[in-house]
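**Student:** I am attaching a structure below and will ask some questions about it afterwards.
No value in this document is a laboratory result; all are computed from the given coordinates. The structure displayed is predicted, hence computed values, not measured ones. Every residue, glycine as well, gets a Cβ built from its backbone with ideal geometry; the counts of neighbours run over all protein chains shown.
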Amino acid sequence: MKPHTRKTYVSETVAGLKPSGIRRFFDLASSLDDVVSLGVGEPDFVTSWSIREASILSLEQGYTSYTANAGLFELRQEIAAYLRRKFHVEYRPEAEILVTVGASQAIDLALRAIVNPGDEVIVVEPGFVAYEPLVVLAGGTPVAVHASGADGFQLAPARIEQAITERTKAVIICSPNNPTGTVLRPSELDALARLAERHDFLVIADEIYAELTYEGEYTSMAAVPGMRERTILISGFSKGFAMTGWRLGFAAAPQDILQAMLKIHQYAMMCAPTMAQYGALEALRNGEHEVEHMRNSYRRRRNYFVAALNEIGLPCHLPGGAFYAFPSIRHTGLTSEQFAERLLLEEKVAVVPGNVFGASGEGYIRCSYASSLEQLQEAIKRMKRFLARL
Ligand code: PMP
């Protein structure tokens, strides 16, 4: 049979998923020359040499087999020590830590391990584009709760409370947030914790950007009193350690939940890549200084870029973390998509329209400042010219 005459075999669930709105802009941007891209969500640093060298050495030594399903025990021990040192939370490496293929897989496993058909999972928007599709793929129903720009995109526990039903299994939060850069205040985390206790649900805390926090001490959801038993902590090496291509993340959770995640992982993945795990071991043992250097560099670029956005007339709150600025474009009268498309075609600056991160992102654009200062200055020059013409 010719391929086009056969029926479609794609599942209704998958057919029903929206394509990622970010992809479309990447495709358009890559078809143009001389584009200043503020579109990508990844560090502009190459992974530090000592991490690369440790991974190369592991290959030279012939460590090319599978590791334990949960990951190298040494690495889980280092992750436990790191979580204790940085966030003051205690996890047992033998039963409560799982090394995954990026934070992405950890989020997927967390959802698949806890969701029964029809369970609701509250997703705070604007938020990372993968959460809703992953809830759907796990058989759950995503329920969007909207954070407001007027409040710097804090959590608004009162709005979360309104969305809670008998079927609420979990709430996914992300701090620092992609796309808003917002770091959730401890008072908001406390309020969410009280809701979780009262209504008996879990929190999936995506803390992948925790290393990239620019003011004060970072508070992990798992460190909030009473929350260790109700939190699935998600993190990884992609952002803080500039290791996106290594595909290495981890989850920490109470034993019953972590073991359920491990059950899926051992069938679906076996283990995370071995050479990447050796690199991660070096990252945790000796990477602190390098992370500090990158954090300071992002902070400098944030300070310049956010001030410049406000100066050219794109109001933007000062994001406490990650490497995204999320200015409002509402006053231009354009939708986020129109703004982003025209900015790309007319001035060759690629940004991501805010609405791809959920309906409350409409009226905003996401600009990644993980770009050189020269590129950021050039982007500001072009955006200023674009705004003057509108
Ligand atoms: N969570 C958030 C909020 C992210 O922005 C990203 C990467 N864009 C991920 C998770 C996935 O990270 P990883 O590379 O570790 O899979």
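**Student:** Loop only by DSSP, 14 or fewer other Cβ within 10 Å of the Cβ. Give me the trypsin sites (Lys or Arg not before Pro) in the range 161-238 that pass, ordered by residue number.
**Tutor:** Details: sites: ARG167, LYS169, ARG194, ARG198, ARG228, ARG230; in loops: ARG167.
Answer in residue order: ARG167.
**Student:** Here is a follow-up. GluC sites (Glu not before Pro) within the range 89-124: which are DSSP loop residues with at most 14 other Cβ atoms inside 10 Å?
**Tutor:** Working: sites: GLU90, GLU94, GLU96, GLU120; in loops: GLU90, GLU94, GLU96.
Of the GluC sites (Glu not before Pro), the ones in loops of the range 89-124 whose Cβ has at most 14 other Cβ atoms within 10 Å are GLU90, GLU94.
**Student:** So what are the ³J(HN,Hα) numbers for the range 56-73, from phi and the Karplus equation (6.51, -1.76, 1.60; θ = phi - 60°), rounded to whole Hz, Gly and Pro as x?
**Tutor:** Here the 3J(HN,Hα) series is 4, 4, 4, 5, 4, 7, x, 7, 10, 8, 4, 9, 3, 3, 7, x, 3, 4 Hz.
**Student:** Now, a different point. List, in the order given, every pair from LYS18/LYS381; LYS7/LYS169; LYS86/LYS239 whose Cα-Cα distance in the structure shown is over 27 Å.
**Tutor:** Table pairs above 27 Å Cα-Cα are LYS18/LYS381; LYS7/LYS169.
**Student:** Taking the Cα centre of each part, how many Å lie between the range 143-208 and the range 303-334?
**Tutor:** Each part's Cα centre sits 23 Å from the other's.
**Student:** Further question on the same structure: Using a Förster radius of 22 Å, what is the FRET efficiency between GLU346 and ARG159 based on their Cβ-Cβ separation? Nearest 0.05, please. Write down the numbers at each step before the final one.
**Tutor:** On the way: r = 37 Å, r/R0 = 1.68.
So, using R0 = 22 Å, E works out to roughly 0.05.
**Student:** What FRET efficiency, computed as 1/(1 + (r/R0)^6) with R0 = 30 Å and r the Cβ-Cβ distance, is obtained for ASP200 and LEU57, rounded to the nearest 0.05?
**Tutor:** Efficiency, rounded to the nearest 0.05: 0.05.
**Student:** Using a cut-off of under 14 Å, list every residue of the range 29-43 whose amide N is near the label point 7 Å from the Cα of ARG385 along the Cα-to-beta-carbon line.
**Tutor:** Hits in the range 29-43 for ARG385 at 14 Å: 34-36.
**Student:** Grab the DSSP H runs of the chain that are 4 residues or longer, score each as -39,500 (n - 2.57), total them, divide by all residues and round the 222 nm result to the nearest 500 deg cm²/dmol.
**Tutor:** Details: 13 runs with 162 residues, N = 390.
Computed ellipticity for the chain at 222 nm equals -13000 deg cm²/dmol.
**Student:** How big is the dipole moment of the chain about its Cα centre under a simple scheme where the beta carbon of each Lys and Arg is +1, that of each Asp and Glu is -1, and everything else is neutral? Debye, nearest 20, please. Present the calculation step by step, with values, prior to reporting the outcome.
**Tutor:** Working: 39 positive and 44 negative charges, 146 e Å.
Magnitude of the dipole: close to 700 debye.
**Student:** Residue by residue through the range 229-235, which ³J(HN,Hα) values in whole Hz follow from phi under the Karplus form 6.51 cos²θ - 1.76 cosθ + 1.60 (θ = phi - 60°), with glycine and proline marked x?
**Tutor:** For the range 229-235, the Karplus curve yields 6, 10, 10, 9, 8, 10, 8 Hz.
**Student:** Sort largest first and round to whole Å: the equivalent ellipsoid semi-axes of the chain, each the square root of five times a Cα gyration tensor eigenvalue.
**Tutor:** Details: eigenvalues 204, 130, 107 Å².
With the √(5λ) rule applied to the chain, the semi-axes are 32, 25, 23 Å.
**Student:** Show the residues, 5+ positions off or on another chain, whose built amide H is closer than 5 Å to the amide H of PHE241.
**Tutor:** none
**Student:** Springs between alpha-carbon atoms under 10 Å, Gaussian network over the chain: tell me which of PRO273, PRO176, PRO319 tops the mean-square fluctuations.
**Tutor:** Of PRO273, PRO176, PRO319, the Gaussian network model singles out PRO273 as fluctuating most.
**Student:** Work from the charge dipole of the chain (Cβ charges, +1 for Lys and Arg, -1 for Asp and Glu, about the Cα centre) and give the residue of LEU376, LEU318, VAL135 farthest towards its positive end.
**Tutor:** Looking along the dipole axis, the top candidate is LEU376.
**Student:** Further, regarding this structure: Considering amide H positions built from the backbone, and no H for Pro or chain starts, which residues 5 or more places from ILE232, or on another chain, come under 5 Å of its amide H?
**Tutor:** VAL203, ILE204, ALA205
**Student:** Another question about this same structure. Please list, in order, the residues from the range 126-157 whose amide nitrogen is less than 13 Å from a point placed 7 Å along the Cα→Cβ vector of THR335.
**Tutor:** none
**Student:** Need one number: % antiparallel among DSSP beta bridges in the range 202-331, to the nearest 5.
**Tutor:** Numbers: 5 of 9 bridges.
Taking every DSSP beta bridge within the range 202-331, about 55 percent pair in antiparallel fashion.
**Student:** Please compute, for the alpha-carbon atoms of the range 21-85, the extent along each of the three principal axes and give them in descending order in Å.
**Tutor:** Principal-axis extents of the range 21-85 (Cα, largest first): 46, 32, 23 Å.
**Student:** What range in the chain is the longest one free of chymotrypsin sites (Phe, Trp or Tyr not before Pro) that are in a loop by DSSP and have at most 16 other Cβ atoms within 10 angstrom?
**Tutor:** Numbers: sites that count: TYR9, PHE45, TYR63, TYR66.
Value returned for the longest uninterrupted segment is 67-390.
**Student:** Next question, about the same structure. Once amide H atoms are placed 1.01 Å from N in the peptide plane, what residues at a sequence separation of 5 or more from LEU212, or on another chain, have their amide H within under 5 Å of its amide H?
**Tutor:** When sequence neighbours closer than 5 places are left aside, the close amide H contacts are ALA322.
**Student:** Whole-Hz ³J(HN,Hα) for each residue in the range 261-271, computed from phi via Karplus 6.51 cos²θ - 1.76 cosθ + 1.60 with θ = phi - 60°, x for glycine and proline: what do you get?
**Tutor:** In residue order, the calculated couplings are 5, 4, 4, 5, 4, 5, 7, 8, 9, 6, 6 Hz.
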